[in-house]
Structures are given as structure tokens and as C-alpha cells.
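This report concerns only the one structure given below.
The values are calculated or read from the model by the stated rules, or taken from the named source; none is laboratory data. Because the structure is a prediction, the values reported are computed rather than measured. Please note: Cβ atoms are built from the backbone with ideal geometry, for glycine as well, and neighbour counts cover all protein chains shown.
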């Protein structure tokens, strides 16, 4: 195995580990303190560059997701005061917002296999709003529906809208494309308590 292939293999495993922390409710198996492998270089080929960039962007995204569990949902985090939790929620929501802004600015006009790229990353908003809902929900972990905050409600609403929209788009495509959505839903989105979205 060539060095770059080894590095890609390692960072793919690293991403998979970080991206499941919030869903599974446990800390990372691979701790950053134990990692001494340098990130591999992003290709200068305009057709390959978006694929490489997306990999590193989603590693950053997975790190944010892992930090949500560690700082807001882990057993130790439950000792935090409401004030501390508010600070973390605000900072994490800002991190997610900045990440999505950067993602939306990614130039994919020359990417190789653009159809595959678009199908692979089509459900980004579904995952984003699912994660954001969990961030706002963490401010108060009570199960009482009466204290769901407005930001949490709006994130859940946007997540539901994104889910419906993406599913409708993918259902019109070949079964292979719909499979991308299914994989995203199972492994790429967080599982949060159901929030009833209703507007009178």
C-alpha cells in the first residue's frame, strides 16, 4: 500500500469513528492525542480537489459532532450549569453555521464524476439540521415538550423540510441514488428525540 493510500485509509477510519460518536453516545475510539499522522495534501487537480476538500471538511464536521456529545451529552457534561451549557450551545451553533457556509462555497464545477459527487453529498442539509437540533436541545435535556426552545423548534422544522425535499428528489432517481440517501440517513444523521413540528 502506497503512503497516500495508507493515509486516506486511516483518515477514512478516523472520520467513521468521529462521525458515530453522537449517534452511538460514546467517546471516540481514536483520540486526537494518539494521532501523529499528518493530513494528506489536497490535490491541485481541479477535478480531484473538491473530493479531497470535502473529505477534510467532513472530518471537521465529524469533530464538531463528537464535541457535541463530549461537551453536552456525555455523563460528565451533565454537571455543567445552564450558563455554561448556553455558552457551549452558542459556540457550537456558530461552528456549524460557519462550516455550512464554507461547504456551500465549495466550487464543484469541474469535479470529476459530478453526478456521483452531487448524489453523495445531496443530503448535507438533512444531517446539518439534525445535528443543529441536538445542539439546541442540549440546553435543557428535559423531555418536556413545553420547554422546547424556538431555535430548537426551527432547526427541527428545517431538518424535516430538508428530509422531505431530499427524499422527493432521490426517489425520482435510480435505486442506486436513493441508496445514498438511505446510507446518509442511517449513518450520517444524528438520532434525536422526536419533536412535533406544528404551526397553527
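Got a sec? Which helices (runs of 4 or more DSSP H) wholly within segment 36-131 have at least 1 residues that are under 20 Å from residue 12 (Cα atoms) and at pLDDT 95 or above?
By residue number, 49-68, 82-104.
Checking residue 128 against (1) farther than 30 Å from residue 174 by Cβ; (2) surrounded by 14 or more Cβ atoms within 10 Å (Cβ to Cβ): exactly one of these is not met. Which one?
Among (1) farther than 30 Å from residue 174 by Cβ; (2) surrounded by 14 or more Cβ atoms within 10 Å (Cβ to Cβ), residue 128 violates only (1).
Let me spell it out: the conditions are (1) surrounded by 14 or more Cβ atoms within 10 Å (Cβ to Cβ); (2) assigned to a helix (DSSP H, G or I); (3) modelled with pLDDT of 90 or more; (4) in contact with a helix residue (DSSP H, G or I) (Cβ under 8 Å, 6 or more places away or on another chain), and residue 157 meets all of them except one. Which number is the exception?
Condition not satisfied by residue 157: (4).
Suppose we filter 12, 19 for residues that are buried (at least 16 other Cβ atoms within 10 Å of the Cβ) and under 19 Å from the mean Cα position of the chain (by Cα); which single one remains?
Step by step, each of 12, 19 is checked, and only 19 is buried (at least 16 other Cβ atoms within 10 Å of the Cβ) and under 19 Å from the mean Cα position of the chain (by Cα).
Which residues, counting only those in segment 107-136, are touching a residue at least 40 places away in the same chain (Cβ under 8 Å) and farther than 15 Å from residue 53 by Cβ?
Residues satisfying the conditions are 119, 122, 123, 125, 126, 127, 130, 131, 133, 134, 135, 136.
Could you say whether any residue in segment 138-146 is free of Cβ contacts under 8 Å to residues at least 60 places away in the same chain, part of a helix (DSSP H, G or I) and either in contact with a helix residue (DSSP H, G or I) (Cβ under 8 Å, 6 or more places away or on another chain) or under 15 Å from residue 54 (Cα atoms) (or both)?
no
Enumerate the pairs (first residue in segment 37-52 and without any contact (Cβ under 8 Å) to a residue 12 or more places away in the chain; second residue anywhere and outside any loop (DSSP other than H, G, I, E, B)) with beta-carbon separation below 6 Å, excluding pairs fewer than 6 apart on the same chain, so at least 6 apart or on different chains.
43/49; 43/52
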